[in-house]
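Okay, so here's the structure we're looking at.
The values are calculated or read from the model by the stated rules, or taken from the named source; none is laboratory data. Everything numeric in this text was worked out from a predicted model, so none of it was measured. When we count neighbours, we look across all protein chains shown, and the Cβ atoms used for this are built from the backbone with ideal geometry, even at glycine. Protein only, heavy atoms only, side chains kept; ligands, DNA and RNA dropped before computing areas. Shrake-Rupley method; radii C 1.70, N 1.55, O 1.52, S 1.80 Å.
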Amino acid sequence: MDWLNASDGRIETNVPLADLTWFGLGGAAACVVHPRDEAHLSDLVRRASARNIPLRVLGGGANLLVCDAGVDGIVVRLTEPSFTAVEFDGTAATAGAGAELMRFVKDSVGRGLAGLEGLAGIPGTVGGAIRMNAGGRYGEIQSHVIEARVVLPSGQIETWSRERIGFGYRHSRLGGAIVVSARFQLTAEDPDTLRARFQEYWRAKKESQPLAAHSAGCIFRNPPGQMAGRLIDRAGLKGRSVGRARVSERHANFIVAEEGATATDVLRLVEEIRCAVREKFGIQLETEIEIWEPDRQTCPV
Ligand SMILES: Cc1cc2nc3c(=O)[nH]c(=O)nc-3n(C[C@H](O)[C@H](O)[C@H](O)COP(=O)(O)OP(=O)(O)OC[C@H]3O[C@@H](n4cnc5c(N)ncnc54)[C@H](O)[C@@H]3O)c2cc1C
């Protein structure tokens, strides 16, 4: 622990990441740091980069599969109040990257501010949602982001415009930049109409996806002009299992982890689905979820 110290924030070692991800799978993080604020985060990132220590940021763990071996290096969590605050200012809002996305969406809807209601039911944090450009058929977060404050691997803090963030389909061009907060532009709307729309979107999501199960949402990106879930379904894979990981009956692009599943079960099932879809339709599916593997670097603690 020679270069980490109490001023970096709360430090935990050997933390089971299964407890911090929606899949509920995978090994431990060698070290988890909860920086106090942006300045401490910047300093931590700069020192980790200088030492070549891998540093990852964990949001709500809703789009993540952690391998059974866990991860080396540092995992940063933006859980301190300076990263979770949300402030409204007229029809604009500033949200910390560590704020829970659903809380932010519900607060906006409750204030009669439209724009984010299409994200109803999407778990995770504001930071993770920006990195992944979270969304679906009712809209994407990118449409309402004005700018984001980011910490670069050098430790430099910058404000990036929406254009610079480079949003794409479930993608951004943030690279190694960590989002610390973002500013949003919303639109005033009749609260009752807005609430009804939010509830309709929420209901549609609950009906079509296994939200109560252990999963990471959609496993694969939709190939151009196709729906990955439909291809998996047409390949006859609904309900298919490897170990205790199973293709959801409700939504074929979801893999659900049952009691006793391992990350390896999920990875094997991912490969099996890929093979079957390639053989049947000649289409190579690409994963939408992030997969964390160990870096085999020296543990910093
Ligand atoms: C039941 C279920 C339903 C879902 N439905 C949808 C859906 O409808 N639409 C959709 O788009 N997604 C959906 N998802 C996926 C997931 O909710 C989104 O991708 C979400 O935005 C991930 O946010 P997170 O905070 O959990 O990110 P994490 O899973 O913690 O991390 C994902 C990636 O973002 C990075 N990251 C996290 N925080 C930051 C930050 N502050 N700065 C930079 N990078 C960061 C991580 O390093 C990682 O690379 C669903 C997931 C589940 C489990």
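Output the Kirkwood hydrodynamic radius of the stretch 152-283, Cα pairs only, in Å rounded to one decimal.
After inverting the mean inverse Cα-Cα distance, the result is 17.9 Å.
May I ask you to derive the FRET efficiency for ALA204 and ARG46 from their Cβ-Cβ distance with R0 = 41 Å, giving the value to the nearest 0.05?
0.40
Leaving out same-chain residues fewer than 8 places away, which aspartates and glutamates sit with a Cα under 18 Å from that of LYS106?
The qualifying aspartates and glutamates are GLU87, ASP89, GLU117, GLU140, GLU189, ASP190, ASP192, GLU200.
Contour minus end-to-end for ASP19 and GLN284, with contour as 0.36 nm per residue of separation and end-to-end as the Cα-Cα distance?
That pair, ASP19 and GLN284, stretches by 92.2 nm at full extension.
Evaluate 2.2 N^0.38 Å with N set to the residue count of the stretch 169-237, then give the Cα radius of gyration divided by it. Before the final figure, lay out each step's value.
Details: Rg = 17.1 Å, N = 69, 2.2 N^0.38 = 11.0 Å.
Its radius of gyration relative to the 2.2 N^0.38 Å reference: 1.56.
Could you work out the local net charge near GLY118, counting Lys and Arg as +1, Asp and Glu as -1, over the other residues with Cβ closer than 9 Å to its Cβ?
0
Report ARG162's accessible area, 1.4 Å probe, all protein chains in place, as a number in Å² to the nearest 10.
90
Hey, what's the Kirkwood Rh for the stretch 6-80 if you take every pair of different alpha carbons, in angstrom?
In the stretch 6-80 this quantity evaluates to 12.5 Å.
Would you kindly state how much longer the chain becomes between ARG230 and ALA212 on full extension, computed as 0.36 nm times their sequence separation minus their alpha carbon distance, in nm to one decimal?
Gain in length upon complete extension: 4.3 nm.
For the ranges 134-146, 117-129, what's the packing order if you count other beta-carbon atoms within 10 Å of each residue, average per peptide, and put the highest first? List each step's numbers first, then the result.
Values: 134-146: 18.8, 117-129: 24.9.
Descending mean neighbour count gives 117-129, 134-146.
Not counting ligands, DNA or RNA, and with a 1.4 Å probe, what is LYS206's accessible surface area in Å² rounded to the nearest 10?
We get 100 Å² for LYS206.
Is the C-alpha gyration tensor of the chain telling us rounded, prolate or oblate? Criteria: a/c under 1.5 is rounded; beyond that, a/b larger than b/c is prolate, otherwise oblate. Intermediate results must be reported in sequence, preceding the final value.
Working: a/c = 1.86, a/b = 1.09, b/c = 1.71.
Because a/c hits 1.5 or more and a/b fails to exceed b/c, the chain counts as oblate.
Could you pull the Rg and Dmax for the stretch 83-208, using just the Cα atoms, both in Å?
14.0, 46
Given 0.36 nm per residue, what is the gain on full extension from ARG164 to ARG103 after removing their alpha carbon distance, in nm?
19.3 nm
Among rounded, prolate and oblate, which fits the stretch 228-291 when a ≥ b ≥ c are the square roots of the eigenvalues of its C-alpha gyration tensor, a/c under 1.5 means rounded, and a/b larger than b/c means prolate?
Verdict is prolate for the stretch 228-291.
Taking the Cα centre of each part, how many Å lie between the stretch 10-82 and the stretch 157-187?
First find each Cα centre; the distance between them is then 20 Å.
For the residue pair GLU87 and ASP295, what label-to-label distance in nm results when each label sits 7 Å from Cα along the Cα-to-beta-carbon direction?
Output for this residue pair reads 3.3 nm.
Charges only on Cβ, +1 for Lys and Arg, -1 for Asp and Glu: so what's the dipole of the chain about the Cα centre, in debye to the nearest 20?
Numbers: 36 positive and 37 negative charges, 152 e Å.
Using only the charged Cβ atoms, the result is roughly 740 debye.
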